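Step one of this worksheet: look at the structure below.
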């Protein structure tokens, strides 16, 4: 299942990075090129936080999915498991849980000595002022705020 695949990547992350680093040195150009392209993708902070978020979601939904696919289903138990999953997913949709996710992703990145240990800084776009204008520059929200609004609460 997808949840199992994510758990393997999460638990064997160092080994995966080590193998990809070795494959970048391969004499086979296609293998080396593929490894060279995959390595920065899986070691960036956006991948790490997405992996951890999906891992949390699958930890909640996999038991329900497995039960609903079983041959013998007790409908009362199925409804109970749906309610439990719904409540746990609803609990995840909070600022504090989002902050916990970001903290876990930062700790994972530090533990695995990744170059990116946080969101990339969003550069503030300066607006030209015309003479006589009193407008101020737009202030950019943090990258964590953008992640929370555009990704975390949309999932």
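Looking at 15, 32, 46, can you tell me which residue is farther than 30 Å from residue 81 by Cα and modelled with pLDDT under 95? Break it down into steps so the answer makes sense when it comes.
Working: 15 fails: modelled with pLDDT under 95; 32 fails: modelled with pLDDT under 95.
Going through 15, 32, 46 in turn, just one is farther than 30 Å from residue 81 by Cα and modelled with pLDDT under 95: 46.
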Which numbered condition trips up residue 68, out of (1) farther than 24 Å from residue 147 by Cβ; (2) under 25 Å from the mean Cα position of the chain (by Cα)? (2)
Selection from region 102-119 of residues that are under 13 Å from residue 56 (Cα atoms) and crowded, with 18+ Cβ neighbours inside 10 Å: 102, 105
Looking at region 75-85, can you tell me whether even one residue there is over 16 Å from the mean Cα position of the chain (by Cα), over 30 Å from residue 14 (Cα atoms), exposed (fewer than 10 other Cβ atoms within 10 Å of the Cβ) and modelled with pLDDT of 90 or more? yes
Return the total of residues in region 1-45 being without any contact (Cβ under 8 Å) to a residue 40 or more places away in the chain, closer than 30 Å to residue 67 by Cα and in a helix (DSSP H, G or I). 4
All but one of (1) at pLDDT below 95; (2) closer than 21 Å to residue 11 by Cβ; (3) out of contact with any helix residue (DSSP H, G or I) (no Cβ under 8 Å at 6 or more places or on another chain) hold for residue 146, so report the exception by its number. (2)
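The values are calculated or read from the model by the stated rules, or taken from the named source; none is laboratory data. In this text, all values refer to a predicted model and were calculated from it rather than measured experimentally. Reconstructed Cβ throughout: ideal geometry from the backbone, glycine too, with neighbour counts over all protein chains shown.
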